1. Go over the candidates A:60, A:85, A:79, A:115 one by one and state the one that is more than 7 Å from chain B (Cβ to nearest Cβ) and within 30 Å of residue A:178 (Cβ to Cβ).
2. For region B:29-58, what are the residues that are away from every other protein chain (no Cβ under 11 Å) and buried (at least 18 other Cβ atoms within 10 Å of the Cβ)?
3. Just one of B:296, B:290, B:331 is assigned to a helix (DSSP H, G or I), more than 18 Å from residue B:111 (Cα to Cα), facing chain A (nearest Cβ under 10 Å) and at pLDDT below 90; which is it?
4. Scan region B:194-251 for residues that are within 30 Å of residue B:58 (Cβ to Cβ) and not in a loop (DSSP other than H, G, I, E, B) and report the count.
5. Which condition breaks for residue B:438 when tested against (1) modelled with pLDDT under 85; (2) buried (at least 19 other Cβ atoms within 10 Å of the Cβ)?
6. Is it true that residue B:401 is over 28 Å from residue B:167 (Cα atoms) and surrounded by fewer than 23 Cβ atoms within 10 Å (Cβ to Cβ)?
7. For region B:261-283, check the following and say yes or no: at least one residue is closer than 16 Å to residue B:67 by Cβ, within 8 Å of another protein chain (Cβ to nearest Cβ), free of Cβ contacts under 8 Å to residues at least 12 places away in the same chain and buried (at least 24 other Cβ atoms within 10 Å of the Cβ).
8. From B:425, B:385, B:419, which residue is more than 14 Å from chain A (Cβ to nearest Cβ) and under 19 Å from residue B:334 (Cβ atoms)?
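The values are calculated or read from the model by the stated rules, or taken from the named source; none is laboratory data. Note that the coordinates shown come from a computational prediction; the quantities given were computed from them, not determined experimentally. Methodologically, a virtual Cβ is constructed for each residue, glycine included, from the backbone with ideal geometry; neighbour enumeration extends over all protein chains shown.
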């Protein structure tokens, strides 16, 4: 049996940490995706570097200089959220989110499989849409505060939540959650369109 | 309502809905129809709750360990470590299998994720397995099993997540899986040699004299020294009390990048950029799952799911050991359907209250869940590590299954039984070093 046939016969399963050649972000095909994926990639790279440097600097200050980087955790956590949700958005684009994928592995090609894939994508988009809406509300809460004070752009911002030491507005972190959910929704919707076309018998690729 | 929520979760997982979205779907049902009167829960508190739970510095260690693992793989740091281990056992029959197993333990202790370990060691060792005439099914099954040592030899992402979810000390959880990890290493090496006992096709390297070994050791130690410093920094930093886990992970990244670029010359700015993005994608996928499980577990606790499950177990038997046995079966079945991280994020918040009520030590449970998730990762139908190993080693699944079953029967199940029924095995190191009560 050839190597290719062997690979084809092996069940596939998406997993938490694929090797680089499998997880590598495929080159975006349209202008919008290029902008989105490159922006998120840049955020991922820069936040990874910044997190590494800040945490190492904090350790250096604490153990070598017996000093303290006051409130560095506040910055680190915000960068971390941008890293997490940017990575998740690219993960949705690359289709690398963890799933059991028993249908892909064990259901034979045909209408039933197409329908199950369509159903999977439909559920995914529906649920993601709901949580993207909650994400928007969450971001609005951080941006306007509990009193909705930012509804008057010229007025004072009342009780807008901030961090304790550096007074960083929390919406900076909340925005990453909202954007991550929105772009996950966008790419899941792309998959839904693709599976709908497949189900209806139109060639997509 | 909780049963419907669980049913939705299981159905979504079976259909192939991404795990975090399956968690969201189950949570959505409870948002609309949960609660004693079926009026649901306030959705406005859910995302802020998840955010607050995730707003944690220790969790950043997961991201940085994954990045360090990626850099090790691309920066040829793993290759140098494998060459170093080869000096000691490379000339035995089945020696390459032992080299691969020990290398997986070392690499896994740094990058902390099974698939990252597998791809790092597998890409280097599979061509050598082929060259030495190893049966491809055996080599793929061996690597799949050995790569799971990253789940047992600390530090690792799974136990950081377990500690974060259950509020247990990370170091104690790390130490709890060390002895089970060493037992698995030993047993994998023994079973590998046993499976090769009648094989005449495997090429055995000429026996090296002590002088040759010393010469080889000198030259390989010299080239592997920068790579060997990496586990020294990570493990020494954490267990020496010099650094927290997060700081050790950041140090690992900061150290590995220049070693990959300037010492081994396998990295440049372009592939460093690439590897950090790939690591970020993996991190993002895991973290969104954690965010969702934080929200879902809150709803499950409001619905009193642990008590419901406990009552279910108690209907069968009141004996804590029998219930523990059932919990293990439950974990193995979950492991057969999901990957390691998903099992830990879903099972820990639900099972921990039961474990505490039954009077078991939560650190003991850390070891149980560690071994169980390892076992689940190589047990079909959803055996991600096994399939990945098959793909990397170009081995069809039917050739892998027989040796894999031997590894499961002779390595994982005995170790799991020892860990479950002899708690002192996993509690010994936490007790000695951290004073964790028996």
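1. Numbers: A:60 fails: within 30 Å of residue A:178 (Cβ to Cβ); A:85 fails: more than 7 Å from chain B (Cβ to nearest Cβ); A:115 fails: within 30 Å of residue A:178 (Cβ to Cβ).
Within the list A:60, A:85, A:79, A:115, the selection yields A:79.
2. B:30, B:34, B:41, B:53
3. Numbers: B:296 fails: facing chain A (nearest Cβ under 10 Å); B:331 fails: facing chain A (nearest Cβ under 10 Å).
Only one candidate qualifies: B:290.
4. Our first condition is that a residue be within 30 Å of residue B:58 (Cβ to Cβ); within region B:194-251, this holds for B:226-251.
With not in a loop (DSSP other than H, G, I, E, B) added as a condition, the list becomes B:226-239, B:245-251.
Adding up the residues that qualify gives 21.
5. It is condition (2) that residue B:438 fails.
6. Working: over 28 Å from residue B:167 (Cα atoms): yes; surrounded by fewer than 23 Cβ atoms within 10 Å (Cβ to Cβ): yes.
Here the answer is yes, as residue B:401 does meet what is asked.
7. Yes.
8. On the way: B:425 fails: under 19 Å from residue B:334 (Cβ atoms); B:385 fails: more than 14 Å from chain A (Cβ to nearest Cβ).
None of the others qualify; the one that does is B:419.
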